[in-house]
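Read the structure below first, then the notes.
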Amino acid sequence: MDNGDYPITSLVDAAAAGDEEAWHEIVDRYTPLLGSVIRRFRLATAETEDVVQTVWLRLVEHLDSLREPRALPMWIMTTGKRESMLYLSARRRTVPYDPLDPLWLVSSAEDAEPLADLLHAERHQALLAGLAELPARQRELLLLLVEDPPLSYAQIAQRTAISIGSIGPTRGRALERLRQTFAVRDHLAGPARVPLVSDGAPASTAPQPATWIDRERGDGSDAAPLG
Amino acid sequence: MGVTQHRWDDDQHILDDLSDALGEAALADTIAEYGQGVYAWRTVDQDLLLASLSFDSSLERVQDRRSDPDDPRVLVFTASPLSLELEVMPGHVVGQIVPPGPGEIRVETADGVTFHVEADDVGFFDLPGIPHGPIRLRCDTPTGRLVTDWVRL
């Protein structure tokens, strides 16, 4: 069995144990999902690069805690979103508050984002996370079927070694499998907001720590006691 | 939900939605390229504690627009029994080892540059400037060694 056919949990186990090929497969499968999460924040290219590098770097060290099949996509969505929001937070210091500015709309509490946009994003992210769960052959076929400009069945047959006559039925099975993935089933089962805090991802709403630097900067001689 | 269910029962509809979703996922090549490159940074040292980012005041601020945007950003990395706290101020970062005690801090960037600072006897340290891009801190103390999550300051 090729890496492309392994379920996510096996890939995570292997990557956590030192298998670099498994890591590459994880990156390939979840790149569209991460791209979709970050895109909503309309960051500049350099900012996007910093965000994706931070998310991947952090993920490498967190694989051990993401062994449940739903954990990895949830972690990627949560971390990608938080790292993107940090740019909004930084910009906020220089941009006056304007409730109609998209920057503020996206960065304010989830419910302030237009509901239609949010549902649209959730729908797309469920499909991209579902796609990542499919075996390689089905994933590749679906990717070829949605290429823009569209490919003919003859071109797809040539690239996949699936005969022209089998493309239709294989497409049907791949889409049925997509409907059965954790991501798509969870999405259809009910609206699930990506929480800002979830197990396996860094928390952001822990109690505020004691303020420990309430003295002159750089003066290390009389540190305040810590909680 | 009902509408989505109905829509995705149809092969062409679910494929169209997938096509839209992929079309919107921009910068795929860049994202994949960064992902492939980071595995070399994986920590293999079993004795090293991974200190996860457990608090980041910037994220609070995004949620709560009443807070003062000029407050320093506070980050807390937790790895029982050690943690590390950072306060990011304009052009300057200070940190604290918890529980307070001496230690050596090494700042690591994703392009391989590292530099050291010493924490004083009560665990206070001072970083010259604010490093650009993702960084993490390694901290060696008499009670243990930790490495933090990657963050951007």
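The values are calculated or read from the model by the stated rules, or taken from the named source; none is laboratory data. Since we're looking at a predicted model, the values are computed, not measured. Neighbour counts are summed over all protein chains in view; Cβ atoms, including those assigned to glycine, are modelled from backbone coordinates with ideal geometry. Note: accessible area is taken over every heavy atom of the protein model, side chains too, but ligands, DNA and RNA are not part of it. Shrake-Rupley method; radii C 1.70, N 1.55, O 1.52, S 1.80 Å.
Couple of notes before you dig in:
- When nucleic acids and ligands are ignored and a 1.4 Å probe is applied, B:Thr109 ends up with an accessible area of around 10 Å².
- The mean count of C-beta atoms from other chains within 10 Å of the C-beta of residues in A:144-153, rounded to a whole number, is 2.
- Accessible surface for the stretch B:19-145, divided over its residues, is 45 Å² per residue with a 1.4 Å probe.
- Calculated on the alpha-carbon coordinates, the convex hull of chain B measures out at 188 cubic angstrom per residue.
- For A:Ser163, B:Ser19, the ranking by accessible surface with the largest value first comes to A:Ser163, B:Ser19, using a 1.4 Å probe.
- The heavy atoms of A:Thr45 offer some 80 square angstrom of accessible surface to a 1.4 angstrom probe.
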